[in-house]
Amino acid sequence: MEELQVGFVGLRRGGGLVRALAAHPRVAVAALCDLDQATLTAMAPDFGLGDDRLFTAFDDFVNAALDVIVIATPIEFHAQQAIAALESGKHVLCEQTVAYTLDECAAVIAAQERTGKVYMMAENYCYFHYMREWRNLVAEGTLGTLFYAEAEYVHEIADLLRDPETGTPKWRLPRAPIWYCAHTLGPVLTLMDDRIVKATGASAGRHMHPEEDGLGHLDMEVGLFHTQKGNIVKILRSQVAHRHPHSVYYTLYGTKGFIENGRHIEDRASTGRYFNVDTMTKQAGAQEIECPTIDPDAPPEALHGGHGTSEYFMVQDFIAAIDNKTKAPIDAVRAVEFTAPGIVAHDAAMQGGVWLDVPQFR
Ligand SMILES: NC(=O)c1ccc[n+]([C@@H]2O[C@H](COP(=O)([O-])OP(=O)(O)OC[C@H]3O[C@@H](n4cnc5c(N)ncnc54)[C@H](O)[C@@H]3O)[C@@H](O)[C@H]2O)c1
């Protein structure tokens, strides 16, 4: 089978995705695009790319002879670039989240349907090794029927909101914390095989940065959700609170027990807890479980991307969808289901905590 000609736009975080894709035998790194010429010039020799394969203008890049475009630009560009890439006949792997507005979310779904091309959200946290193990546990019925999940992503990145030296605003400055909800909702909705239908939210004030009035500096946002199956999900997000190391946390409750990871990853793993009412006693309580981000059985090249072995398995699913002519596991509809609830929860918070319907796309 011929190699897929793959182009990449946005090369900072995108640099990790280039390495993750390049490790796949079906992929040829065929073009790079970034506003910053120095970034292009620095990366090009690693892939033997001449100047005609380097682009600073997306409009030229999107029309190049490519099979696939991987998008890792700031979120405000995701929808328009993904739609343009699909329309020009490319399959798309796009960083999360889908967009900042519900209209743009709907437009990405429409473009996927119209073009028949593969769109996949690059939601890597769904592919952490422990998440893949938990999927098996859930499928085997070890937790019984799931009815509640909670997730948090508290990661202080104040320096990425506004340059601390110059005061220059950065692209994340206007991003409400809970708009960035795919790392929390993605894994729990995958495990629950469910989607959000109603949302409310609460936003804390600006204790951390009282001098700032943008959305990005809100201390904390909480989203509370009803799901299509009648379950409840709660998420917590902050990008300014002092929690070091940052917290990536999931807990799920089912009719036979619960499972949770440790909030802090050390040496690419955390220690979580797991309880099963059939095999454990209340007196002894939950047992500790290791929650590694790396699959110990994966080949060495699985570590080329980053975030443990998550990106290796994510890329495998993406390429398999192209080769098998199927929708990707996190296709545009699913990607919007990982995105839209955060947009609606923020709106609900701004309206004082009302409950709002989350638009449905299936
Ligand atoms: N999944 C993850 O774990 C993870 C981690 C970090 C970032 N991200 C996502 O990756 C994306 C990029 O984040 P980042 O931290 O690399 O941002 P960044 O600001 O550090 O880098 C963005 C890069 O894109 C380039 N760029 C900006 N606008 C462009 C445009 N219109 N056309 C071409 N190039 C453009 C910039 O020059 C820069 O090189 C975001 O969507 C972010 O949410 C995901």
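Read-outs: derived from the displayed coordinates by stated rules, not from any lab. Computed from a predicted model, the values in this text were never measured in an experiment. Cβ sites come from the backbone with ideal geometry, for glycine too, and all protein chains shown count toward neighbours.
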Highest mean first, how do 71-79, 14-22, 280-288 rank when packing is the count of other Cβ atoms within 10 Å averaged over residues? 14-22, 71-79, 280-288
Taking other Cβ within 10 Å of each residue's Cβ, how do D59, D295 sort, fewest first? D59, D295
Contact order relative to length for the chain, counting C-alpha pairs under 8 Å separated by 6 or more residues, stands in percent at 20
As a footprinting exposure proxy, order V27, V92, V6 by other Cβ within 10 Å, with the fewest listed first. V27, V6, V92
If every Lys and Arg gets +1 and every Asp and Glu gets -1 at its Cβ, then about the Cα centre the chain yields a dipole, in debye to the nearest 20, of 920
Placing +1 on the Cβ of each Lys and Arg and -1 on the Cβ of each Asp and Glu in the chain, which of H242, T142, P177 has its Cα farthest towards the positive end of the resulting dipole? T142
Sort region 1-123 into rounded, prolate or oblate with this rule: let a ≥ b ≥ c be the square roots of the eigenvalues of the Cα gyration tensor; rounded if a/c is under 1.5, and if a/c is not under 1.5, prolate when a/b is larger than b/c, oblate otherwise. prolate
Note down the relative contact order for region 265-307 as a percent, whole number, built from C-alpha pairs under 8 angstrom at least six residues apart. 40
Pairs of Cα atoms under 8 Å, at least six residues apart: use those to get the relative contact order of region 149-307, whole percent. 23
Separation of region 70-104 and region 178-224 by C-alpha centroid, Å? 21
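Does region 297-353 come out rounded, prolate or oblate, given a ≥ b ≥ c as the square roots of the eigenvalues of its C-alpha gyration tensor, rounded meaning a/c under 1.5 and, failing that, prolate meaning a/b above b/c?
In terms of gyration-tensor shape, oblate.
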Proximal lysine pairs in the chain, meaning Cα under 18 Å and 8 or more positions apart or interchain, come to 9
Region 249-278 and region 323-339 have their Cα centres apart by a whole-number Å value of 27
Determine the shape class of region 192-310: with a ≥ b ≥ c the square roots of the Cα gyration tensor eigenvalues, call it rounded for a/c under 1.5, and otherwise prolate if a/b is greater than b/c, oblate otherwise. oblate
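Averaged over every viewing direction, what's the projected area of the C-alpha convex hull for the chain? Give it in nm², one decimal, please.
If you wrap the Cα atoms of the chain in a convex hull and average its projections, you get 19.1 nm².
Only sites in a loop by DSSP and with at most 15 other Cβ atoms within 10 Å count here; which GluC sites (Glu not before Pro) in region 109-182 make the cut? Present the calculation step by step, with values, prior to reporting the outcome.
Working: sites: E113, E123, E133, E140, E150, E152, E156, E165; in loops: E123, E140, E156, E165.
Passing both the DSSP loop test and the Cβ count: E140, E165.
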Cβ-placed point charges (K, R +1; D, E -1), dipole of region 26-180 about Cα centre in debye, nearest 20: 380
Fewest first, what order do M121, M350 take by the number of other Cβ atoms within 10 Å? M350, M121
